[in-house]
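Input: a single structure, listed below in structure tokens.
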Amino acid sequence: MRYTKDPGNEGDTMAAEGLAHRTVAGGTDGSDGADGAVLRLLVINGPNLNLLGRREPEVYGRQTYEDLVDLIKEQAARKGLEAAVFQSNHEGEIIDAIHQAAGKYDGLIINPGAYTHYSYAIFDAIKGVGLPALEVHLSNIAAREEFRRHSVTAAACLGQISGLGFQGYLAAMDYLAQYWAAGQAVGKTSVAEGGSR
């Protein structure tokens with residue numbers, strides 16, 4: 001399930017390029033982006049995140065994907081940011097969304113889902129566009145099955161937020177706003193990890 005909302009005159013052309021999205025506009029009172037305008041973020045969610053609320057609720061919780069998108073919308077409005085949210089179960093569509101983010105967005109927040117563990121193509125796409133990115137995971141991947149403990153995509157990002165549930169997305173939005181406000185002075189780091197290693 002992907003979300004599409006007509007962005008009107010907000011200048012987002014991803015829908016016209018075949019990528020479904022939902023644009024979330026905040027106010028104009030804060031967080032300047034790379035071009036001095038409102039900070040624009042692209043939030044990308046990978047496979048099976050559309051099943052939130054139904055898929056393994058003991059691991060991922062009972063909140064739905066719609067709840068996640070609404071939370072991102074509320075955070076963007078509170079922080080004076082703009083965000084587009086994209087979800088796909090297909091690796092090529094995720095790569096296309098990353099490519100098309102260059103020049104349109106100031107940062108990426110990505111939960112690659114299972115592609116985290118083996119998609120060197122997504123790693124290359126993140127590195128290739130050169131946008132500051134944070135990898136987010138709802139569950140603490142370090143405390144999960146062995147195959148989930150390694151991320152090949154995190155090395156292309158500024159850091160990884162793992163195990164904070166939906167709050168991880170909010171932390172990523174805050175971090176990227178601070179990153180730009182500080183003139184990109186924030187270094188490459190592990191941003192947050194839920195649970196213990």
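Every number in this text was worked out from the coordinates using simple rules, so none of it is lab data. Here the structure is a predicted model, which means the values were calculated and not measured. Cβ sites come from the backbone with ideal geometry, for glycine too, and all protein chains shown count toward neighbours.
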* To do: Round to the nearest 0.05 the FRET efficiency obtained for ALA77 and ALA182 when R0 = 30 Å and r is the Cβ-Cβ distance.
  => 0.85
* Residue-span extension gain [LYS127 to LEU51] - 0.36 nm each, minus C-alpha spacing -> 24.5 nm
* Asked: Dipole of segment 41-134 (Lys/Arg Cβ +1, Asp/Glu Cβ -1, origin at the Cα centre): which of THR116, GLY46, VAL69 lies farthest to the positive side?
  -> VAL69
* Asked: Could you give the nm distance between label points at ASP67 and HIS90, where each point is 7 Å from its Cα heading toward the beta carbon?
  -> 2.9 nm
* Per-residue Cβ neighbour rank within 10 angstrom, fewest leading, ILE95, ILE110 -> ILE95, ILE110
* Structure fact -> Under the rule rounded for a/c under 1.5, else prolate if a/b exceeds b/c, else oblate, using alpha carbon gyration tensor axes a ≥ b ≥ c, segment 39-118 is classed as oblate
* Stretched out fully, how many nm does the piece from ARG148 to LYS104 gain, at 0.36 nm a residue minus the Cα gap? -> 12.7 nm
